[in-house]
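Chemist: Below are the structure tokens for one structure; questions will follow.
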Amino acid sequence: MIRWPHNNKTRGRGRPYVYSPTVILRCFIVRIWFRLDSNRALHEYLAMDLSYNRKVMTGCGLSRIPNRRTFDRRLATISNDIKNRINTMGELFVNDKIINPFVLSTDSTLMKAKGYVWHKSSMEEGVLPRSGIDTDARWGFSHTKGWIFGYKLHLISSTGSIIVPLSADFTTANIPDNQMYSILTASIPFTIIRRTLYMSADPGYDDHELYNLSTDMGFQLVCPAKRYKNTSEERIKLVEFYESDVGQAIYSLRGMSIEPLIGHIKSAFRIDPLPVRGYDNTCAIVLLSVLLYQILVYYNCKTNIDNPMTIKYMLGT
């Protein structure tokens, strides 16, 4: 069992939390696990006077049930804590020698916002034509999906036989991948980065600054790189490595690792289209799904399941 310390720190100034971040996190994992569609449903589930529900409540560390408004407030503020726990879980996979971080991969995926779309013309005019629009969502473009109104999940994952997220972040759909690369890599624990030699990424990360950033961190970014009319010698070296047998082998790992991983997480937790509105809520739900995926795969590895990444059967229907 994975145990995190109860953290009852204050929120800057003011009173400490009545319910620690760990307790609240466990409650939200129950919501994701049993596919409860709202905090109201979570509250009602925990309030059921049945032996199993009481065991779940005890497992969450609750002596009494938070009210629904407490769940609403805490869901909107828990995302940073979840990101830190995702990083911690990634480190655990490496320290327990479940994965080898020799080659990592990074990518992003667009997710449709819940409800109606907000067309750009209306958005620019500040006109909200109807209710049910997530006003925090934005338009983003994908070469495979076209224009999507919603958000974007950014991931770094392992490659190899066990594929798990090691770092995750969440933005509106209009944020380019290369803007999030430094944030994602900086959040990976040093115990992982110091063992990493290569990062595989798609053409969206083909950026001079990102190559230099990666080199400074001690690994090489491998992207599809092309020669141009006045290509510098430095870039020619990147092109030649990418086109080499080793470079092609490293880049091909993307298609066997992070791409199917993203699809698996979205399918298992039913987060595309998103089940909630508003940036804070969607961020928390999506990152919780990533964290729960890590937890379930880790549990499967420790209990010697034949295919540790098979998790759908473990989730509530």
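The values are calculated or read from the model by the stated rules, or taken from the named source; none is laboratory data. The structure presented is a predicted model; accordingly, all values stated were derived computationally and were not measured. Every residue, glycine as well, gets a Cβ built from its backbone with ideal geometry; the counts of neighbours run over all protein chains shown. Each accessible area value is taken on the protein alone, full model and side chains, heavy atoms only, with ligands, DNA and RNA left out. Shrake-Rupley method; radii C 1.70, N 1.55, O 1.52, S 1.80 Å.
Chemist: Which of the residues belonging to segment 80-120 are among the basic types (Lys, Arg), under 30 Å from Gly146 (Cβ atoms) and touching a residue at least 40 places away in the same chain (Cβ under 8 Å)? Steps first, answer last, please.
Modeler: If we filter segment 80-120 for residues that are among the basic types (Lys, Arg), which is where we start, we get 83, 85, 97, 112, 114, 120.
Filter again for under 30 Å from Gly146 (Cβ atoms), leaving 83, 112, 114, 120.
Once the filter is applied, which keeps residues that are among the basic types (Lys, Arg), under 30 Å from Gly146 (Cβ atoms) and touching a residue at least 40 places away in the same chain (Cβ under 8 Å), segment 80-120 yields Lys83, Lys112, Lys114.
Chemist: Before we move on, is Tyr151 among the aromatic types (Phe, Trp, Tyr) and open to solvent by less than 20 Å² (accessible area, probe 1.4 Å)?
Modeler: Numbers: among the aromatic types (Phe, Trp, Tyr): yes; open to solvent by less than 20 Å² (accessible area, probe 1.4 Å): yes.
Taking the combined requirement at face value, the residue satisfies it.
Chemist: If you scan segment 40-61, which residues turn out to be closer than 14 Å to Thr22 by Cα and either in contact with a strand residue (DSSP E or B) (Cβ under 8 Å, 6 or more places away or on another chain) or open to solvent by less than 20 Å² (accessible area, probe 1.4 Å) (or both)?
Modeler: Cys60
Chemist: Looking only at segment 92-134, count every residue that is open to solvent by 60 Å² or more (accessible area, probe 1.4 Å) and among the hydroxyl-bearing types (Ser, Thr, Tyr) and tell me the total.
Modeler: Within segment 92-134, residues that are open to solvent by 60 Å² or more (accessible area, probe 1.4 Å) and among the hydroxyl-bearing types (Ser, Thr, Tyr) number 3.
Chemist: Right, another one. Which of the residues spanning segment 189-219 are open to solvent by 60 Å² or more (accessible area, probe 1.4 Å) and not in a helix (DSSP H, G or I)?
Modeler: Result: Arg194, Arg195, Leu197.
Chemist: Say whether the condition of being part of a strand (DSSP E or B) and modelled with pLDDT of 95 or more is met by at least one residue in segment 221-239. Before you say what the answer is, go through the steps one by one.
Modeler: Within segment 221-239, the subset part of a strand (DSSP E or B) is 221-222.
Cutting the leftovers down to modelled with pLDDT of 95 or more gives us 221-222.
Yes, the conditions are met somewhere in segment 221-239.
Chemist: Hey, can you tell me all the residues within segment 141-194 that are of a type outside the set (A, V, I, L, M) and touching a Lys or Arg at 6+ places or on another chain (Cβ under 6 Å)? First the steps, then the outcome.
Modeler: So the first thing to find is which residues in segment 141-194 are of a type outside the set (A, V, I, L, M), and the list is 141-147, 149-152, 154, 157-161, 165, 167, 169-172, 174, 176-179, 181-182, 185, 187, 189-191, 194.
Once the filter is applied, which keeps residues that are of a type outside the set (A, V, I, L, M) and touching a Lys or Arg at 6+ places or on another chain (Cβ under 6 Å), segment 141-194 yields Gly150, Thr171, Thr172, Asn174.
Chemist: Suppose we filter segment 154-188 for residues that are open to solvent by less than 20 Å² (accessible area, probe 1.4 Å), assigned to a loop (DSSP other than H, G, I, E, B) and not β-branched (Val, Ile, Thr); how many remain?
Modeler: 1
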